[in-house]
Amino acid sequence: MYHLSSLKQVGLFITFEGIEGCGKTTQIKLLAPWLKERGHSVCVTYEPGGTLLGQEIRKILLSPNFSPAKETELLLYLAERAEHVEKVIRPGLEESKIVLCDRYHDSTLAYQGYGRGLEFEWVNNLFKQLKWPKPDLTFLLDCPVEVGFKRLRGRSLDRIEGEKMAFHQRVREGFLSLAQMEPERIKVIDATQSIENIQIQIREWIKQYGL
Ligand code: T5A
């Protein structure tokens, strides 16, 4: 048992957030084996797409063939999360696993709230009413939008990546505002550093949880 966020949640829930190309996936891939070597049971997952149904919703969300209304987009992300929470995240935590999740609710607040302009309180209240697990710890990998996109060069961009720079700038600023609101949970890491340095900092924070 690591940290009790609620009586039923006995694992540790760690999320990774940030703009496109900030390096979340890269860091999770390095962190998971390190945690396993230290004897922990680890569940690596991601949004959108961490379940079979979620993969189908992901295809709709990221397809350039659709241009959903912002409310539709929000509800599709929440539908994907509902499935993910009940099939993967909650069971993982109840089995005392360390759940490492590539994007979660802070992405919704940053992209659909700050990015699309949906009212922050409304989006946040939906999350609270659904009573989904709140991350114990969140790493926000922060870098300028241009740096993130430079790293994605050569990949074909999906519907959201293809948004204007001003949208991605609002998303970045949104993430930083969230970190200011919850500095205990959200640790901001300068993602322009080398992959190795970022990983060292992540591990240092995690060691503070006694892992
Ligand atoms: N979304 C998601 C919402 O709008 N609302 C929501 O509620 C949720 C959950 C998901 C999209 O959905 C949106 C956000 C996204 O637009 P996705 O394909 O899952 O789409 O996109 P990302 O999560 O952004 O995944 P990316 O692969 O684009 O970004 P990562 O994971 O941050 O980056 P990573 O690790 O794959 O690295 C990218 C490249 O950079 C290099 C890597 O080697 C790789 O080539 N790199 C570095 N290079 C130099 N220095 C470093 N420090 C580097 N770190 C990585």
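The values are calculated or read from the model by the stated rules, or taken from the named source; none is laboratory data. Being a predicted model, the structure only gives us computed values, none of them experimental. Cβ sites come from the backbone with ideal geometry, for glycine too, and all protein chains shown count toward neighbours. These accessible areas exclude ligands, DNA and RNA; they are computed on the full protein's heavy atoms, side chains included. Shrake-Rupley method; radii C 1.70, N 1.55, O 1.52, S 1.80 Å.
One residue stands out in segment 106-124 among those that are in contact with a Ser or Thr (Cβ under 8 Å, 6 or more places away or on another chain) and under 17 Å from GLU80 (Cβ atoms): the one that is surrounded by the most Cβ atoms within 10 Å (Cβ to Cβ), namely ASP106. Here VAL171 meets the list (1) among the aliphatic types (A, V, I, L, M); (2) closer than 23 Å to LYS59 by Cβ; (3) open to solvent by 60 Å² or more (accessible area, probe 1.4 Å); (4) under 16 Å from the mean Cα position of the chain (by Cα) almost entirely, failing just condition (3). Summed over segment 130-154, the residues that are hydrophobic (A, V, I, L, M, F, W, C) and either part of a helix (DSSP H, G or I) or near the ligand (Cβ under 9 Å from one of its atoms) (or both) give a count of 7.
Note down all Cβ pairs under 7 Å where the first residue falls in segment 75-101 and is of a type in the set (Gly, Ala, Ser), the second is within 11 Å of the ligand (Cβ to nearest atom), and they're at least six residues apart or on different chains. Once the first residue is of a type in the set (Gly, Ala, Ser) and sits in segment 75-101, its partners that are within 11 Å of the ligand (Cβ to nearest atom) give ALA79/ILE57. Residues considered: ILE89, ILE98. Of these, the only one that is in contact with a Gly (Cβ under 7 Å, 6 or more places away or on another chain) and more than 20 Å from ILE19 (Cβ to Cβ) is ILE98.
Within segment 36-52, one or more residues are of a type in the set (D, E, K, R), within 11 Å of the ligand (Cβ to nearest atom) and either modelled with pLDDT of 95 or more or farther than 23 Å from MET165 by Cβ (or both). Cβ-Cβ contacts under 7 Å between residues 6 or more apart (or on different chains), taken from a first residue in segment 142-168 that is open to solvent by 60 Å² or more (accessible area, probe 1.4 Å) to a second residue that is in a loop (DSSP other than H, G, I, E, B) and within 8 Å of the ligand (Cβ to nearest atom), are listed as ARG151/GLY21. Would you please name the residue that is most open to solvent (accessible area, probe 1.4 Å), looking only at residues in segment 53-77 that are hydroxyl-bearing (Ser, Thr, Tyr) and more than 8 Å from the ligand (Cβ to nearest atom)? Residue satisfying both the conditions and the ranking: SER67. Find the residue count for segment 155-203, including only residues that are assigned to a strand (DSSP E or B), more than 11 Å from the ligand (Cβ to nearest atom) and not basic (Lys, Arg). The total comes to 2. Do we have PHE127 as surrounded by fewer than 19 Cβ atoms within 10 Å (Cβ to Cβ), within 12 Å of the ligand (Cβ to nearest atom), in a helix (DSSP H, G or I) and at pLDDT below 95 here? Criteria met by PHE127.
Out of LEU53, LEU35, one residue alone is without any contact (Cβ under 8 Å) to a residue 60 or more places away in the chain and outside any loop (DSSP other than H, G, I, E, B). It is LEU53.
When GLU94 is tested against (1) in contact with a Leu (Cβ under 7 Å, 6 or more places away or on another chain); (2) more than 11 Å from the ligand (Cβ to nearest atom); (3) among the acidic types (Asp, Glu), exactly one condition is not met: (1).
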